[in-house]
1. If packing is taken as the average count of other Cβ atoms within 10 Å, what order do 50-59, 21-30 fall into, highest mean first?
2. How big is the C-alpha Rg of the stretch 92-168 next to the rule-of-thumb value 2.2 N^0.38 Å, as a ratio?
3. Can you tell me the mean projection area, over all orientations, of the convex hull of the stretch 99-144's alpha carbons? Units nm², please.
4. For the cross-link pairs LYS139/LYS216; LYS29/LYS58; LYS18/LYS64; LYS29/LYS64, which exceed 22 Å when the distance is taken from alpha carbon to alpha carbon?
5. What value in Å³ per residue do you get for the convex hull of the alpha-carbon atoms in the stretch 179-240?
6. Report the relative contact order of the stretch 1-146, percent, no decimals, based on alpha-carbon pairs under 8 angstrom and at least 6 residues apart.
7. Mind jotting down a quarter of the surface of the convex hull over the alpha carbons of the stretch 1-149, in square nanometres, one decimal?
8. Hey, got a sec? Which trypsin sites (Lys or Arg not before Pro) in the stretch 143-203 land in a DSSP loop and have at most 10 other Cβ atoms within 10 Å?
Amino acid sequence: MNLNVSTRNGRTYLYIEKSFRDGNGQPRKRNVMTIGYADELTNEYKDPVAHYREVARKMTEDEKKSKRLTITINMEEDLSQGATGTRNLGYVLPLKIYHELEIDKFFKGKAQSERFEFNTNSIMILLVISRLLSPGSKKRAYEEKSRYFERFNFSLDDVYRSLPHFNKISDELQRFLHDSVRLKYGSDTSVIYYDVTNYYFEIKKPDELRKYGLSKEKRKRPIVQLGLAIEKDGIHEYENIYLFGYRCVLSDLLGDTFGLDFTKKRLQLASIKNILTSAKI
């Protein structure tokens, strides 16, 4: 805080101002205390200017003290049973990207037309940061939610109830992420890396989802296949689970999903043997 001494109508005028920077980083000042004319204060103070300079100094000290936090720790106290003694701070980095891409706005918008009693965006934040920092099941992610400073006010049942909703909007979310990443950071789709992996099920007969298919491990079990495509810089482009017998035509898939026109440019696909064929490209 600083005392501003100016002249108005030939008289000394006093007020206290504070310096700060605006949203663009430009230095600014604002009036925090209007004092008045110095000659009207001589009956109260011998030297009004000196007095209010001291007031401004004390205001600065008080403001600095208000920003300090003192924590007292009893070194002989034991933690109660089941208490979490540590907190994770590293999650703020992926959370920053999460908000830069406006994923929170996407989930809040999609939830407006639903009658949920839980916050789908909050659940997704927990699932994302847990997958990055402590990979495990969704149950484990929920059990470890106290590691973070976020307020996760939902139950484990709510996590499971949210999954059908996430599945329903999966394609929309991937299109939204593609557009957001391209806008915020740029995206190079001149090269697409593509791979698949198989999920096996301990069942005796195939059904509508799980079918018999080729297995390099030679397992005679029904299979569901997961396909993943990433672009040149390693950024996720598309992910889909489909039946083993489904013929994945990548140029059509990525074109329909993200509006990529491969008729106007050369597409390079990198994958392992037997995944890419002329029929699939």
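1. Numbers: 50-59: 15.7, 21-30: 7.9.
Highest-to-lowest ranking by the protection proxy: 50-59, 21-30.
2. On the way: Rg = 12.0 Å, N = 77, 2.2 N^0.38 = 11.5 Å.
Expressed relative to 2.2 N^0.38 Å, the Cα Rg reads 1.05.
3. Values: hull surface 14.6 nm².
With the hull built on Cα positions only, its mean projection is 3.6 nm².
4. Table pairs above 22 Å Cα-Cα are LYS139/LYS216.
5. Working: hull volume 6.6 nm³, N = 62.
It is 107 Å³ per residue.
6. Numbers: 109 pairs, mean separation 20.3, N = 146.
Relative contact order comes out at 14 percent.
7. Numbers: hull surface 70.3 nm².
For the stretch 1-149, the mean projected area of the Cα convex hull comes to 17.6 nm².
8. On the way: sites: LYS145, ARG147, ARG151, ARG161, LYS168, ARG175, ARG182, LYS184; in loops: ARG151.
Filter output for the stretch 143-203: ARG151.
Just so you know, all these numbers are worked out from the coordinates, no wet-lab data involved. Computed from a predicted structure; not experimentally measured. Every residue, glycine as well, gets a Cβ built from its backbone with ideal geometry; the counts of neighbours run over all protein chains shown.
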